[in-house]
Amino acid sequence: MIQTVSQKPSTLIGRALVIVIFFALIAFLALYLPIFNMDTSITGSQVTDYFQFHWNYWWVRHALTTPGLNVYETNYIMAPFTSNLSYHTLTVFWYPVWALVEPLFGTIAGMTAVFVVAFTLTGCTFFMLLRREGVSYGLALVGGTMLELSRLMFSATYWTTVNIMGWFWLPLMLLTWGEIARSNQKPGKTLLQRPLFWTILFGVAFWAMVLTDIQYPLFLAFLIVPYGLLTLWRTPTWAGRARLAALGVLALAIGLVLLWFIGPLPDLLKFDRSGLAATPVDRAVRIQFPWDFIRNTPVEEGVPLGTVYIPFMVIVLIINGWLRKREKSSLPMRWFWLTLVPLPLILSPGAFINIGETQITLPYIFLHQLLGGQFRYPERFMPVFVIPGVLFGMMTLTPILKRHSRLKIAFPAAFMFIVLADSRVLESVVIQPKPQPYHFYEEMGKEPYDYVVVEVPTGASSGEGIVGEQKYAAMMYYGITHHKRMVNGHISRVNFAHFWGMRYDDPMLAWLGQRRFIEPDVVEEQLRERIAEWPIGYIVIHSDYIWKNGPTLQEIIGYLNSLPDLVCPMWIERDALVYRTTWHPDGCPARIPPETEPHTYRIDIGTSGDEKFIGWGWHWQEDVSGLTLRWTGEYPQTQVYVDLPPGEYEVSLSAQAFWETRELSLLLNDTPIGETQSVTTDTLQTYTYPLPSELVGDGKNLRLTLNYDDIIIPKEVGQSEDERKLAIAVDWIQFRRLGD
């Protein structure tokens, strides 16, 4: 037990509170910029992982509060497939922290609270282990800080992988097993002195550790197995050893029972691993040998060990050799901890290291093969050797400082300064702007219907494969607002078939992701089928994610506008254009242009909102000294789609030709209207065409076609480097109803 157990409860609570505050302040120093920038920014640079965990916690809450849903199965991302999440970094353990903060302050504050708690717990638990092993207060504070501010913790913050912020489990499990062994030898009358209490606590902790990430039992095994064997050996009687072994089995049984009934174990056992993609051993992310063991680079360049640990261990080993010649240490257990350092240290550089021109194969290659290529981060063995190494070092230094009163405070204070400097604690953690909020997602969330939202560009990813850019998969973040199923998303371990086909093979999803040319008839057939079967409720086009320099955005908008029996434009908000499908129970609104005067309907071409009406042939929106317009010419004809009240109309457009006069004729639903007119190059002029009522009919699904005789590419006539095909520029198109 920690040395203060004999003190009054009030004293213990006071000291414990001081320790928690100390390590919380260290966490605050490490995360101060994210804490103060939550209103405008998010932590880290890897948007997919950051938004993955936001969605994860929304999904846990949704699954727990919705009858019939399983936390470890979902079709809410990578729809229409149902994916098993038991291998995914769902990190259910951190959900209560997020769920407590999120309703009051929002999801970004909830995730920041997870970071702060994770850092604080890591420092506190390692401090407790150091104290239990006899390390002085000052050195224990330094040791706790070393683990709390390890570069792996900052790497987890940078990538926002909160599943890799649970390193406090390692010292906590060692502490708990130590109490089982102690109380097994000397059981007492109070609850804290009974082995059964600590056994139950160990089982519950094992369950909670797996809820943090299923990798932790692997890391823990390198420490708890030899520690458990040591405690068995140190138990004086065979009866005591048998009792301790039985308590260990009982603790694991409690953990496994909890994992079966309140955890991922049933889903883990039925997971089909054949669909997972393995990581090649040479691509495993590791601590680069030798430089990352002796330097402290920014985490975006890798995960270094830092400049303190290796020199610290070398100095302590030298001091230890000096001590052995003169006197025995009062803390001989340090030798046991030292023996636990080499194996995880050797595993951390990965499968190979090069010394000169010689490549040396390391034991990690066998672990990689044993786990089927699914463990791809040997760098994560860093805490597994840092913990016993720091234990050995601090246990060696403690007796020396005891005999030198001047050093008892000065040395830990100086050492703490070095650790803080080496950790770059005062440098800003990387942050990035918050994602754009959109009101239309809130409107979707209010709808009681079950449907799929298709985000454009389409994209998805796993830990070993990505389709599209990372930010495409990160649009799963919006699922916590609209609460609907969606195609885009990220699942760390998922059947490749659930998303890889959208890369090139699926004509509709690959085209919407800008990875394949459009096949109009094939895409229409797929869209028609999926709208009905999935069903698809909305298609959201994020224009800021789509190439501007090309026909892609105009092609997507123009194509969808040409399918009024399948989709209709519903909302335009900043950079997003939302199409509702005709499956939707609330139906489609009429596509009538704004009524600028009585019976006069005008489309202001080049401004936000014209996307509802344009078809193929238009280039992107332009603003020329306050004049908004679009150029036509990408295709031989350019379309406009509108609905109008029935009646006779006069169609006018403000237009100007590029380079030379263009002959322009108009067609309504493929029927010519009026006479061909010459559009000049000197300035914008108004051109008017009649639109008979018999052609307008009921006014639904009208297609106006601008038919021009030729195009010119500015670059070819030396006007600019513009390589677009240009025919005429259009400022506005107006429909004025005649008569009553």
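The values are calculated or read from the model by the stated rules, or taken from the named source; none is laboratory data. None of the values given here were measured: they were computed from a predicted structure. Quick reminder, even Gly has a Cβ in these numbers, built from the backbone with ideal geometry, and neighbours come from all protein chains shown.
Identify, by number, the condition in (1) surrounded by fewer than 20 Cβ atoms within 10 Å (Cβ to Cβ); (2) in contact with a Gly (Cβ under 6 Å, 6 or more places away or on another chain) that Trp291 doesn't meet.
Going through (1) surrounded by fewer than 20 Cβ atoms within 10 Å (Cβ to Cβ); (2) in contact with a Gly (Cβ under 6 Å, 6 or more places away or on another chain) one by one, Trp291 breaks only (2).
From Leu362, Leu391, grab the single residue that is surrounded by 17 or more Cβ atoms within 10 Å (Cβ to Cβ), in the same structural domain as Phe293 (by TED's automatic domain parsing) and without any contact (Cβ under 8 Å) to a residue 24 or more places away in the chain.
After applying the criteria, what remains is Leu362.
This table checks each residue for (1) modelled with pLDDT under 95; (2) over 12 Å from Gln52 (Cα atoms).
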{"position": "Tyr441", "(1), (2)": "no, yes"}
{"position": "Pro448", "(1), (2)": "no, yes"}
{"position": "Val453", "(1), (2)": "no, yes"}
{"position": "Ser462", "(1), (2)": "yes, no"}
{"position": "Ile466", "(1), (2)": "yes, yes"}
{"position": "Gln470", "(1), (2)": "yes, no"}
{"position": "Met486", "(1), (2)": "no, yes"}
{"position": "His490", "(1), (2)": "yes, no"}
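Where in segment 331-392 are the helices (runs of 4 or more DSSP H), entirely inside, with at least 1 residues that are aromatic (Phe, Trp, Tyr)?
Passing ranges, in order: 334-339, 364-370.
Name the residues in segment 632-641 that are over 39 Å from the mean Cα position of the chain (by Cα) and assigned to a strand (DSSP E or B), would you?
Scanning segment 632-641 gives Thr632, Gln637, Thr638, Gln639, Val640.
Only one of Cys568, Cys588 is surrounded by 20 or more Cβ atoms within 10 Å (Cβ to Cβ) and hydrophobic (A, V, I, L, M, F, W, C). Can you tell me which?
Going through Cys568, Cys588 in turn, just one is surrounded by 20 or more Cβ atoms within 10 Å (Cβ to Cβ) and hydrophobic (A, V, I, L, M, F, W, C): Cys568.
Need pairs with beta-carbon distance below 9 Å; first residue over 19 Å from Lys700 (Cβ atoms) and within segment 590-603, second modelled with pLDDT of 95 or more and hydrophobic (A, V, I, L, M, F, W, C); sequence gap 6+ or separate chains.
Cβ pairs passing all conditions: Thr600/Phe735; Arg602/Trp732; Arg602/Ile733; Arg602/Phe735.
Whether any residue in segment 719-740 is free of Cβ contacts under 8 Å to residues at least 60 places away in the same chain, farther than 22 Å from Gly609 by Cα and hydrophobic (A, V, I, L, M, F, W, C) is what I want to check.
So far as segment 719-740 goes, no, none of its residues is free of Cβ contacts under 8 Å to residues at least 60 places away in the same chain, farther than 22 Å from Gly609 by Cα and hydrophobic (A, V, I, L, M, F, W, C).
Being aliphatic (A, V, I, L, M) and within 23 Å of Asn296 (Cα to Cα) is the filter here, so list the residues in segment 153-174 that pass it.
Met153, Ala156, Val162, Ile164, Met165
Pull up segment 633-659, narrow it to residues that are small (Gly, Ala, Ser) and in contact with a Lys or Arg (Cβ under 6 Å, 6 or more places away or on another chain), then point me to the one that is surrounded by the fewest Cβ atoms within 10 Å (Cβ to Cβ).
Step by step, filter segment 633-659, then rank; the result is Gly647.
From Arg737, Arg662, Arg630, grab the single residue that is crowded, with 18+ Cβ neighbours inside 10 Å, over 21 Å from Arg602 (Cα atoms) and of a type in the set (Lys, Arg).
Arg662
Select, from Gly302, Gly248, Gly275, Gly255, the only residue that is within 27 Å of His368 (Cβ to Cβ) and buried (at least 18 other Cβ atoms within 10 Å of the Cβ).
From the options Gly302, Gly248, Gly275, Gly255, the qualifying one is Gly255.
Among the residues of segment 97-107, are any in a strand (DSSP E or B) and touching a residue at least 60 places away in the same chain (Cβ under 8 Å)?
no
Give the number of residues within segment 394-446 that are free of Cβ contacts under 8 Å to residues at least 24 places away in the same chain and basic (Lys, Arg).
Selection size over segment 394-446: 3.
Being assigned to a helix (DSSP H, G or I) and at pLDDT 90 or above is the filter here; which residues of segment 294-317 pass it?
Those that are assigned to a helix (DSSP H, G or I) and at pLDDT 90 or above: Tyr309, Ile310, Pro311, Phe312, Met313, Val314, Ile315, Val316, Leu317.
Has segment 154-162 got at least one residue that is in contact with a Leu (Cβ under 8 Å, 6 or more places away or on another chain), part of a helix (DSSP H, G or I), within 30 Å of Ala277 (Cα to Cα) and touching a residue at least 60 places away in the same chain (Cβ under 8 Å)?
Yes - at least one qualifying residue is present in segment 154-162.
Within segment 163-186, track down each residue that is assigned to a helix (DSSP H, G or I) and among the charged types (D, E, K, R).
If the condition is that a residue be assigned to a helix (DSSP H, G or I) and among the charged types (D, E, K, R), then Glu179, Arg182 are the ones that fit.
Going through Thr628, Thr607 one at a time, which residue ends up being outside any strand (DSSP E or B) and assigned by TED's automatic domain parsing to the domain that holds Gly697?
None of the others qualify; the one that does is Thr607.
Given the residues Thr66, Thr125, Thr89, Thr107, which is the only one that is polar (S, T, N, Q), closer than 20 Å to Gln215 by Cβ and modelled with pLDDT under 95?
Matching residue, one of Thr66, Thr125, Thr89, Thr107: Thr89.
Enumerate the pairs (first residue in segment 185-196 and under 15 Å from Arg241 (Cα atoms); second residue anywhere and loosely packed, with under 15 Cβ neighbours inside 10 Å) with beta-carbon separation below 7 Å, excluding pairs fewer than 6 apart on the same chain, so at least 6 apart or on different chains.
Once the first residue is under 15 Å from Arg241 (Cα atoms) and sits in segment 185-196, its partners that are loosely packed, with under 15 Cβ neighbours inside 10 Å give Pro195/Pro187.
With the requirement that a residue be buried (at least 22 other Cβ atoms within 10 Å of the Cβ) and either assigned to a helix (DSSP H, G or I) or without any contact (Cβ under 8 Å) to a residue 60 or more places away in the chain (or both), what does segment 125-140 give you?
Within segment 125-140, Thr125, Phe126, Phe127, Leu129, Leu130, Arg131, Leu139, Ala140 qualify.
If Lys715 satisfies all but one of (1) surrounded by 13 or more Cβ atoms within 10 Å (Cβ to Cβ); (2) under 48 Å from the mean Cα position of the chain (by Cα); (3) basic (Lys, Arg), what's the number of the condition it fails?
Only one criterion in (1) surrounded by 13 or more Cβ atoms within 10 Å (Cβ to Cβ); (2) under 48 Å from the mean Cα position of the chain (by Cα); (3) basic (Lys, Arg) is unmet by Lys715, namely (1).
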